[in-house]
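In what follows, a structure is listed as structure tokens, so that the remarks can point back to it.
The values are calculated or read from the model by the stated rules, or taken from the named source; none is laboratory data. What you see is a predicted model, and the numbers here were worked out from it, not measured in a lab. Methodologically, a virtual Cβ is constructed for each residue, glycine included, from the backbone with ideal geometry; neighbour enumeration extends over all protein chains shown.
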Amino acid sequence: MLDDLDPAALGARVAALDPAAAAARRDHLTDQLNHHNHRYHVLAAPEIDDRTYDLLYRELELLEARAGARADSPTQRVGATPLDGLAPFAHRTPMLSLANAFSSDELAEFDQRCKKLLGDDAPGVIAYMVEPKLDGVACELVYERGALVGAGSRGDGQVGEDVTHVVRTIRAVPTRLADAAPPDRVSVRGEVLFELEGFAEMNRARVANGERPFENPRNAVAGTLRQLDPRIAAARPLTFFVHSFGEVEGGAEMPPAHSGQLAVAARWGFRVNEHNQVVHGAEGAVARIEELRQLRRGLPYEIDGAVVKVDDVALQGALGFVTRSPRWAVAYKYPPDQVTTVLEGVGFSVGRTGVVTPVAFLRPVKVGGVTVSRANLHNADQVARLDLRAGDTVVVERSGDVIPQVVRVVPDDAHPTRPPTAYPERCPECGAGLVRADDEAATRCPDTLTCPAQLRAAIRHFGARHAMDVDGLGEKIVDQLVARGMVRRVSDLYTLDVDVVSALERMGRKSAENLLEGVEATKARPLNRVLVGLGIPQVGEATARDLARHFGTIDALLAASEAELQGINGVGPVVGAAVHRFLADPLKRDEIQRLRDAGVQFVPEAAPRAVGSALTGKTFVLTGTLPTLARDEAKRRIEAAGGKVASSVSAKTSFVVAGDAAGSKLDKAVALQVPVIDEAALLDLLEASGETQLSKGTRAEG
Ligand code: IVH
């Protein structure tokens, strides 16, 4: 049934080709797959189904193993190694910003100004291109002789950051221009975006993984572009629209109008916005802006306005620039989207530190392309100020980069008859009396030890990627562990029993084993990560690193005086006091001791952990039987060299080490384009990482 997917059959077919035929087939498939990529990611009009695509992709990989890969091969989009940092990226011509217009009068003034500046050259009516103002992150992409050679973010307009490794992973970006005689060099500019559906899906997966969801698509784009690991970026569904050009050198002459030039970009294989339209005069522009405003709600991505550009490129040249913006274009910003809906009630959620946050439950409503059913009400003062009552009609606002807000109540006759929202005096989760410090707007549940809401949040925080990074500890699992009393404090994670865990909903033996393996692996986390995991108030990743670097060991930190803590570079009086208060609490000390008893090593910063080794931060997955190393041995040595061993393959995996009879993990690695290595390559990596010096004994024995 799965014959055509059988790698052996495909492998045999590829192996039977002579070298010339293999290279020819490779070229054919590279072109084919690039074509289908364009159909799918740029035109949204696929010609083949996903499975057929995957099969062709697999075949191409096999061919490339024999004949090498072409630079524009779809397999070459995702680099295998993360960067150490982002290099600067200089723009040959500055990336400008746009002046704003806020009314039709200001648009008319813009039109008048253009005519006046053009004088005798002004046409009777100026043709304008009106485009959606895409709410993403601006980037420049440089192509030389048709090949993508670099990409940089806008930065300050002169110099941005080199994000080539991330932009290459965007399937809507051609790695080669579809042009037999491309320009010698061309830079296109445009907007990197998430479409709302892909964004929502990505956030759902993050939450299920115990990771914090992104606040909004735009921030998520900015964060993704700065990712050092292209494999993480590749797993996120970014897209790209071209909206302008930097420079064009050589090649066929470009059309005289901006609209015509964008049509060339579309022929080259780029996404160009389908709602761009040429209109005539200020009136035409105003009418089109209004149409786009209507369209806005239904668009699959966020726009925050419209851009009006003089279409004739010669006129653009005549109009020129002022400081940072062109005189031939203007941005019309839409006001933040507001809608009315019914307030169904006000709830109160309890966070990790016990802070109680009021939440508005809304009848679901679409604002700016996303469905909103709750809004943060911040604190008691805000609820009182708005005088929110269940049943009220409320105005909800959402502008690009902020979470939905309840702006006000729409007054109606029934409002006074509705009962005012009562602020709880007891914790909605555990019933403890809430407290409010004089100097704080926040109300807190003081029961930091047993309140289930705080415990759930504390465990999620402990297991989060930037803290202890517990593989397999998703939100649903945490909820069950707490609800069933299996975990009453974070250290209980280390005493979980595989039989008991397997009995949880949506768990099987295998996932339970994976979770316990994930927990086990955290015992070797460095001190700074454990400090983040403990959830010390005011201590994030940077402070935890400062503390770990200064004290070296957990014992030295526990022995520190308040004054000493406050004197550390990067810590200061407020944070120092908070850390001291936390560590002086006998209950916290007891918990730290329990973690130690469970085997958490609080690995000292100064220990010879192959600092900066090739394996630091790398995640390995082992599959199949390795020729000489036992599983446990391989795992121990990878971890000793600073790497991590995970039980399942994901886009985060750095390497899959495959031995004999490797199974589905190998297939998954191939599908996700995770590099697959054998034992010999692993030993090379260990050697290069300096592991030999750290565990000479082991190697002498082996
Ligand atoms: S044209 C010289 N067109 O808005 C003008 N910009 O303030 C070059 N933007 O960061 C830009 N949609 O990236 C242009 N259709 C569009 C746009 C657009 C969004 C961004 C642009 C820049 C900002 C300008």
Matching entry among Val207, Val248 (being touching a residue at least 24 places away in the same chain (Cβ under 8 Å) and within 16 Å of the ligand (Cβ to nearest atom)): Val248
Options Val159, Val192, Val163; residue that is within 16 Å of the ligand (Cβ to nearest atom), at pLDDT below 95, within 16 Å of Met95 (Cα to Cα) and not basic (Lys, Arg): Val159
Count of residues meeting criterion [touching a strand residue (DSSP E or B) at 6+ places or on another chain (Cβ under 9 Å) and hydroxyl-bearing (Ser, Thr, Tyr)] in the range 493-534: 0
Residue list for the range 465-503, filter: touching a helix residue (DSSP H, G or I) at 6+ places or on another chain (Cβ under 7 Å), assigned to a loop (DSSP other than H, G, I, E, B) and either among the aromatic types (Phe, Trp, Tyr) or at pLDDT below 90 (or both): His466, Asp471, Gly472, Gly474
Hits in the range 70-121 - residues which are in contact with a Leu (Cβ under 8 Å, 6 or more places away or on another chain), surrounded by 15 or more Cβ atoms within 10 Å (Cβ to Cβ) and over 28 Å from Thr653 (Cα atoms): Ala101, Cys114, Leu117, Leu118
Of residues in the range 138-162 being of a type outside the set (Phe, Trp, Tyr) and more than 18 Å from Ala87 (Cα to Cα), the one nearest to the chain's Cα centre (by Cα): Ala147
Members of the range 520-558 that are acidic (Asp, Glu), within 16 Å of Ile568 (Cα to Cα) and over 25 Å from the mean Cα position of the chain (by Cα): Asp546
Wholly within the range 553-652, helices (runs of 4 or more DSSP H) carrying at least 1 residues that are modelled with pLDDT of 90 or more: 554-558, 562-566, 572-584, 586-598
Residue pairs meeting the criteria (Cβ under 6 Å; at least 6 apart or on separate chains; first part of a helix (DSSP H, G or I), in the range 84-113; second more than 16 Å from the ligand (Cβ to nearest atom)): Ser104/Val286; Leu107/Ala282; Leu107/Val286; Ala108/Ala282; Asp111/Ala282
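Matching residues to (1) surrounded by 17 or more Cβ atoms within 10 Å (Cβ to Cβ); (2) in a strand (DSSP E or B); (3) of a type in the set (S, T, N, Q); (4) modelled with pLDDT of 90 or more:
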position	(1), (2), (3), (4)
Val308	yes, yes, no, yes
Leu315	yes, no, no, yes
Val330	yes, yes, no, yes
Gln338	no, yes, yes, no
Thr341	yes, yes, yes, yes
Gly345	no, yes, no, yes
Phe348	yes, yes, no, yes
Pro364	no, yes, no, yes
Some residue of the range 389-401 being on the phi < 0 side of the Ramachandran plot, loosely packed, with under 15 Cβ neighbours inside 10 Å, within 26 Å of the chain's Cα centre (by Cα) and in a loop (DSSP other than H, G, I, E, B): yes
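Pick out the one residue from Gly269, Gly305, Gly298 that is of a type in the set (Gly, Ala, Ser), away from the ligand (no atom under 13 Å from the Cβ) and closer than 18 Å to Asp135 by Cβ. Can you show your working first?
Details: Gly269 fails: closer than 18 Å to Asp135 by Cβ; Gly305 fails: away from the ligand (no atom under 13 Å from the Cβ).
Matching residue, one of Gly269, Gly305, Gly298: Gly298.
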Yes/no for Glu131 being touching a Lys or Arg at 6+ places or on another chain (Cβ under 6 Å) and either more than 16 Å from the ligand (Cβ to nearest atom) or more than 30 Å from Phe462 (Cα to Cα) (or both): no
Meets criteria (farther than 30 Å from Ala521 by Cβ and in contact (Cβ under 8 Å) with a residue 60 or more places away in the chain) for Leu449: no
Which numbered condition Glu253 misses (of (1) away from the ligand (no atom under 16 Å from the Cβ); (2) part of a strand (DSSP E or B)): (2)
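Residues checked against (1) in a loop (DSSP other than H, G, I, E, B); (2) under 24 Å from Glu302 (Cβ atoms):
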site	(1), (2)
Val125	yes, no
Pro132	no, yes
Val142	no, no
Val149	no, no
Gly157	yes, yes
Arg171	yes, yes
Any pair with Cβ under 6 angstrom, 6 or more apart, that starts in the range 186-204 at a residue that is part of a strand (DSSP E or B) and ends at one that is charged (D, E, K, R): Ser187/Glu140; Ser187/Glu247; Arg189/Glu140
Residue match in the range 93-109 (condition: more than 16 Å from the ligand (Cβ to nearest atom), modelled with pLDDT of 90 or more and among the β-branched types (Val, Ile, Thr)): no
Enumeration of residues in the range 134-156 that are within 11 Å of the ligand (Cβ to nearest atom) and charged (D, E, K, R): Asp135, Glu140, Arg154
Single condition Phe240 does not satisfy, out of (1) surrounded by fewer than 18 Cβ atoms within 10 Å (Cβ to Cβ); (2) touching a residue at least 60 places away in the same chain (Cβ under 8 Å): (1)
